[in-house]
Amino acid sequence: MSEETIFDKLIKKEISADIVYEDDIAIAFRDINPQAPVHVLVIPKRKVTGFDKLGELEEEEAGKYFQTISKVAESLGLNQDGYRIVFNSGRNGQQTVNYIHAHIIGGRQMKWPPG
Ligand code: AMP
C-alpha cells in the first residue's frame, strides 16, 4: 500500500481543487503553482505512483487516460499554438507527488532543453 498523497485526497474531495474535467477514468485540475498561463494536471482515478508504474493500469484504462490528456488540452484551447506534456518521474525527474500526473503546460513559448 503506497502512502496517501495530496492527489488521493483531491479525488476523495477531501481537499478542493479547480477541476476542469472529470469522468470515470480521470480527473483534471489546475496546478496550484502554475508555471505558465495554462498549467493543468491530469491523473487517473485508479492510482499508480508514477509514470514508471504505468503498466499497472489496464491497457484500456491507460489508453483512455492518454486520450483524456489530449482532449483536456484541446478543451483548454491549446491545440492551435501547441503545448507541452510533462511526466516527472522519480528523483532525477523531480517528481514531488507520488501519484502519476501529466502536466499540461501552455499559453506561452516553451524552451528546450528543459532544466
Ligand atoms: P511534480 O513535481 O511533477 O510531482 O508535480 C507536482 C505538482 O503538483 C506541482 O506542480 C504542484 O504545484 C502541484 N500541486 C501540489 N499540490 C497541489 C494541489 N493541492 N492542487 C493542485 N496542484 C497541486
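The values are calculated or read from the model by the stated rules, or taken from the named source; none is laboratory data. This one's a predicted model, so the numbers in the text were calculated from it and none came from an experiment. Methodologically, a virtual Cβ is constructed for each residue, glycine included, from the backbone with ideal geometry; neighbour enumeration extends over all protein chains shown.
State all residues of region 1-35 that are within 20 Å of Leu78 (Cβ to Cβ) and surrounded by fewer than 17 Cβ atoms within 10 Å (Cβ to Cβ); if no residue qualifies, say none.
Hits for region 1-35 are Asp18, Ile19, Tyr21, Glu22, Asp23, Arg30, Ile32, Asn33, Pro34, Gln35.
Can you name the residue in region 1-50 that is more than 10 Å from the ligand (Cβ to nearest atom) and of a type in the set (S, T, N, Q) and is also modelled with the highest pLDDT among such residues?
Out of the qualifying residues, it is Thr49.
Residues of region 51-64 being part of a helix (DSSP H, G or I) and away from the ligand (no atom under 16 Å from the Cβ), which ones?
Gly55, Glu56, Glu59, Glu60, Glu61, Ala62, Gly63, Lys64
Out of all the residues in region 67-87, which are in a loop (DSSP other than H, G, I, E, B) and surrounded by 15 or more Cβ atoms within 10 Å (Cβ to Cβ)?
Within region 67-87, Leu76, Leu78, Phe87 qualify.
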